[in-house]
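Following: one structure in structure tokens, then a few remarks.
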């Protein structure tokens, strides 16, 4: 994907049949993107402060709770232009399709599990893009106007594109998840680790 977007390899030869199935259908969707700003890494050495010693390029955010460091970092897949708007994209491979809506009563019973799983994966990826979007704005002053999810399955390729209020919705969902992690999940994990240390200490004292 990276080499394709950068024009390094526009006609990849994929000998592995299974990988070829996932790649089929993606090029025609990736071709809709215009100027590429970021493809796994910033293009043409831009934003050098984003690339670490491990050669992975990340964006980050310190968090929005005053007086607390509720931060995160992550490595976006794609930042590009589409019809003069900034796109933040993510590429996913999946054994089943993604769905943008929870399965309703009209959903056939034999498809309910598949559609439910597809929606949960879609929602998780949208929150991930919300985290990247906040990080991009903080780290490199880029504000995505469109989120795109490129889904590669064996049968077909999918593209989901959202903008406006939906982007803001998933930014908020991400921030809610961050606050829950730092206020509830992390303290509980730390308390559990403390209990384990105390138990180990008691065991050593009794020997």
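For Cα extents along the principal axes in Å, the candidate list reads (i) 51, 34, 29; (ii) 66, 43, 34; (iii) 67, 50, 40; the entry that matches the value derived from this model is (iii).
Expressed as an acute angle from 0 to 90° and rounded to the nearest 10, what is the orientation of the C-alpha long axis of helix 112-140 relative to the principal long axis of the chain? With rounding to tens, the tilt is 90 degrees. Taking the longest Cα principal axis of the chain as reference, the axis of helix 186-206 is set at about 40 degrees. Annotation: Cα Rg of region 8-66 relative to the compact-globule expectation 2.2 N^0.38 Å equals 1.58. Quick one: Debye curve from the alpha-carbon atoms of region 1-113 only, equal weights, vacuum; give me log10 I(q)/I(0) at q = 0.11, 0.19, 0.20, 0.24 Å⁻¹ to two decimals. Values, matching the q order: -0.56, -1.11, -1.16, -1.32. Put the Cα centre of region 84-98 next to the Cα centre of region 1-42 and the gap is 12 Å.
Values in this text are rule-based calculations from the coordinates and carry no lab data. Since the model is a prediction, treat every value here as computed from it, not as a measurement.
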